[in-house]
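The values are calculated or read from the model by the stated rules, or taken from the named source; none is laboratory data. Note that the coordinates shown come from a computational prediction; the quantities given were computed from them, not determined experimentally. Here Cβ is always computed from backbone atoms with ideal geometry, including for glycine, and neighbour counts include all displayed protein chains.
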């Protein structure tokens, strides 16, 4: 029997949920395989309707879902309500993308004769890859868990999803799945469209199952590595999309420190302490000039941190790990403690911490990601020491530059320096609060993620699609979107891009 | 010193080329890293010009290149001339794609307020991944080697290329590289844009080099697996794009066998014997109905094969392996020899072979890919035995269905059955002669390839790109294609796709 734990008290109770047996995992993947074929017959506009129905189903259970998640995560009703809204928004955005159809990359090359001779008619579309395993994260019980972006994007692609509930919030996972499953059933979705498994071993069994054709994962580098090792043992290798670890360096130029001292202190403090610092885009290191303004900025941060109350971390593993990493940053990374908030001793609660170090002497030991409300300030004296420090920062999801007008050359130089190491570059803002939209990219070079794909935003659907070509196919064998007279999606015909001529969803 | 071997005689001579030392590999990847930054400054339209210059450079050396390749591969002047034309065509097609700019997937979401609150300005573009290692194949000394599609698509993406010359045609590789390098230098390309290494160990060193950010490979499953093992040992995992192995089942319905007996025998014979059967899309197994027409069709094939002359295979490894696999198909796969052409005993020459087997009793031992002019005919009695046989065929690049009007239901059923196992479905044609175009897809589920990407066609460029987002960036920090007033490429702005308003290349 799995337990559920309230991180505010550390008290565990029986969740009433049992771990999934290997036989039940196999039954779920078998059902998902059958559902995959059935989904293929229903098409893209039907799936858009399904995603909208799932959004409605989540909205209908809002009160229960948020209350359950609050008990299991301690993240608070406001943050969790906002997160559920985000999850619902994601389902609706993917429904919109399905109706629009550009994600299909429909491409038609009519038969012709080129310098290479007679060339057959060739038509390309992205098609779903097959049943997908989705691993819920600890830190986003909705938006990166059962009701999260991986689920929404896999379903959008046309792939049934078998979820692995995160052990940190089993009841939230179950309630979310029940809400989605009821909505899917009500909409007429094939049985097996959405399954869920509980327990670490069941997750491993799921990834090894030959019927699973891709894995979506948001979590720790070590957890991701363990699953990648299972993937490597499979007879058929499959894509593993892991969003793993990120330090997210933030750079403040001396003009920015001077011009916006209090504003940046305020924004930076909010960014690294939001959700108790348990965000994959939390800025973990801030490069601040050792100038009068820089010192005022850090003094402001110290004041805020000193007064800050403790917030519960998600679970005992994260709590223990946070303490260990904090110690390593001090003993092995030689960071100095600049401020510590008001620890309460309740459950897994921890107060914010501010450490400092010299940018010029940063070592890899000082750039370990502490998953919690901790920021390392790296003092820099000049661009050379800033660069030296940046070189020790592992590849990340994001980097951020705060600057002022007139510093364009410096900004260009810094952007050139950090861009190879990140997937998103933020100007005069904060990396947390990842916008869900068409253009978003949430990914970065290893170890931030392990692929050239995103797990947030519309193009996340690409992870669960594969290209397919019909050559010389009669009209009756072609999917609707590739027939000559169809005009409902953007298409590239004989090399020329054409917009859809009929409204989306027709 | 590497040798070069004429497969027509089996006679080896000194090539004058030495194997590349580990130090020289490191020097080349270091130069490629420097070139990567320089290429980034030059931009997409400059790269289009570079690709056109490379095409011109190959054309200028046509005579030498084709003659050299003929000596080293025995593929013949006509086939090699056509292949070089194809290589040149590929460079020009990617130049066209660069000027058009749709491959960038330029996406802009302006700052706005949604149900999730204030949302920052987010702009996405695909950017180059870094220096790429490209492994030349044995069977396409131009189109999948030094001057091949991997090289063209990586350069199109903006990635310098370090080539690994195939040991089967070292002089062709060197001459191709010299032609490309001279053209690149003449066009003003940064030093290090194109490098080349020789020797198996140098290839392994190249893949392990941390400066290499992706690998393109066309070759055997075992060769690909060896390189994937090296990738797995790297500290930073990188994408490995392997085009590996493919049996390419071809199905002939009874109506098709009846209506087009001689036509199909002619086309099928040409398809499996072209280039001595050494094409990754060669049909390796043909499902033929055990009907009067089917028997006439096979009798026709037997006649053709009996009379067929031997053609040289590419090298001694392929020659030896072909003989071993032929034997295994007979002894372990229980295939019967229906016809053998006229073997000559010269060099690595081998004549076409036709084997037969019952579709209902096919085992995995009967579906091993024989890289050479060998076709297994699988007799089927009904759809059930056809399906049973198809289930034993490994995933492939392609499947082919020959049918006649009136068989639409059967075709739909067969298409449903084979589609999950291939990347391209050919109707009433042949899988060989892969068209190079915008819509083409050359890939398939494992073990055909190991990714959801193509190695032929314009979208092959996507393999060497990664998404990148600028958030809240001032105009001066944005790439040209993402600035508000730019109209030179198709873009998605606030969810709405817009065509380019100015001609390509401006």
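Brief remarks on what is shown
- Residue within the stretch B:282-290 that is modelled with pLDDT of 95 or more, farther than 30 Å from residue B:218 by Cα and either assigned to a helix (DSSP H, G or I) or out of contact with any strand residue (DSSP E or B) (no Cβ under 7 Å at 6 or more places or on another chain) (or both) present: no
- Complete set of residues in the stretch B:461-482 that are surrounded by 15 or more Cβ atoms within 10 Å (Cβ to Cβ) and more than 10 Å from chain A (Cβ to nearest Cβ): B:461, B:479, B:481
- Residue check for residue A:115: under 30 Å from residue B:81 (Cβ atoms), within 13 Å of chain B (Cβ to nearest Cβ) and at pLDDT below 95: yes
Matching residues to (1) outside the structural domain of residue B:133 (by TED's automatic domain parsing); (2) buried (at least 20 other Cβ atoms within 10 Å of the Cβ):
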position	(1), (2)
B:188	no, no
B:212	no, yes
B:220	no, no
B:260	yes, no
B:282	yes, yes
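- Filter result (under 27 Å from residue A:432 (Cβ atoms), within 10 Å of chain A (Cβ to nearest Cβ) and part of a loop (DSSP other than H, G, I, E, B)) within the stretch B:484-506: B:494, B:495
- When A:329, A:301 are checked against the criterion of being part of a helix (DSSP H, G or I) and either farther than 28 Å from residue A:10 by Cβ or assigned by TED's automatic domain parsing to the domain that holds residue A:75 (or both), A:301 stands alone in meeting it.
- Within the stretch B:227-247, the residues that satisfy the criterion of being more than 12 Å from every other protein chain (Cβ to nearest Cβ), modelled with pLDDT of 95 or more and in contact with a helix residue (DSSP H, G or I) (Cβ under 9 Å, 6 or more places away or on another chain) are B:227, B:230.
- Filter pass, residue B:163 being more than 14 Å from every other protein chain (Cβ to nearest Cβ), assigned to a strand (DSSP E or B) and at negative phi: yes
- Hey, residue B:200 touching a residue at least 60 places away in the same chain (Cβ under 8 Å), over 22 Å from residue B:443 (Cβ atoms) and more than 14 Å from every other protein chain (Cβ to nearest Cβ) or not: no
- Count - residues of the stretch A:377-401 that are closer than 25 Å to residue A:435 by Cα and either at pLDDT below 95 or touching a helix residue (DSSP H, G or I) at 6+ places or on another chain (Cβ under 8 Å) (or both): 6
- Comparison of A:56, A:70, A:52, A:24 shows that the only residue that is under 23 Å from residue A:168 (Cβ atoms), at pLDDT 95 or above and under 23 Å from the mean Cα position of the chain (by Cα) is A:70.
- Condition check for residue B:378: under 18 Å from the mean Cα position of the chain (by Cα), outside any loop (DSSP other than H, G, I, E, B) and either closer than 30 Å to residue A:232 by Cβ or more than 10 Å from every other protein chain (Cβ to nearest Cβ) (or both): no
So that you can scan it fast, the table gives a plain yes or no per residue for (1) under 18 Å from residue B:444 (Cα atoms); (2) not in a strand (DSSP E or B); (3) not assigned by TED's automatic domain parsing to the domain that holds residue A:223:
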position: A:94; (1), (2), (3): no, yes, no
position: A:113; (1), (2), (3): no, no, no
position: A:124; (1), (2), (3): yes, no, no
position: A:127; (1), (2), (3): yes, no, no
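- In summary, residue B:204 fulfils each of the numbered conditions (1) under 15 Å from residue B:26 (Cα atoms); (2) surrounded by 24 or more Cβ atoms within 10 Å (Cβ to Cβ) with the single exception of condition (2).
- Residue match in the stretch B:426-444 (condition: under 30 Å from residue A:422 (Cβ atoms), buried (at least 24 other Cβ atoms within 10 Å of the Cβ), in contact with a strand residue (DSSP E or B) (Cβ under 8 Å, 6 or more places away or on another chain) and not assigned by TED's automatic domain parsing to the domain that holds residue B:378): yes
- Residues within the stretch B:286-297 that are touching a helix residue (DSSP H, G or I) at 6+ places or on another chain (Cβ under 8 Å) and touching a residue at least 60 places away in the same chain (Cβ under 8 Å), tallied: 5
- Scanning the stretch A:459-483 for residues that are in a loop (DSSP other than H, G, I, E, B) and in contact with a strand residue (DSSP E or B) (Cβ under 8 Å, 6 or more places away or on another chain) yields A:472, A:473, A:474, A:478, A:479.
- Among the numbered conditions (1) within 20 Å of the chain's Cα centre (by Cα); (2) without any contact (Cβ under 8 Å) to a residue 60 or more places away in the chain, the only one that residue B:103 does not meet is (2).
- Residue identified as under 16 Å from residue B:179 (Cα atoms), within 12 Å of chain A (Cβ to nearest Cβ) and crowded, with 22+ Cβ neighbours inside 10 Å among B:147, B:143, B:69, B:106: B:143
- Selection count, the stretch B:209-222, where residues are assigned to a helix (DSSP H, G or I) and either within 11 Å of chain A (Cβ to nearest Cβ) or free of Cβ contacts under 8 Å to residues at least 24 places away in the same chain (or both): 1
- In the stretch A:62-80, the condition of being within 30 Å of residue A:40 (Cβ to Cβ) and in contact (Cβ under 8 Å) with a residue 40 or more places away in the chain is met by no residue.
- Qualifying residue in the stretch A:440-458 (condition: part of a helix (DSSP H, G or I), at pLDDT 95 or above and either more than 9 Å from every other protein chain (Cβ to nearest Cβ) or on the phi > 0 side of the Ramachandran plot (or both)): no
- Just one of (1) in contact (Cβ under 8 Å) with a residue 40 or more places away in the chain; (2) over 21 Å from residue B:361 (Cα atoms) fails for residue B:307. It is (1).
- When residues of the stretch A:423-435 are limited to those that are in a loop (DSSP other than H, G, I, E, B) and facing chain B (nearest Cβ under 7 Å), the one nearest to residue B:239 (Cα to Cα): A:423
- Residues in the stretch A:357-375 that are in contact with a helix residue (DSSP H, G or I) (Cβ under 7 Å, 6 or more places away or on another chain) and in a strand (DSSP E or B) were compared, and the one that is surrounded by the fewest Cβ atoms within 10 Å (Cβ to Cβ) is A:357.
- Residues satisfying the stated conditions in the stretch A:76-103, i.e. more than 8 Å from chain B (Cβ to nearest Cβ) and in contact with a strand residue (DSSP E or B) (Cβ under 8 Å, 6 or more places away or on another chain): A:103
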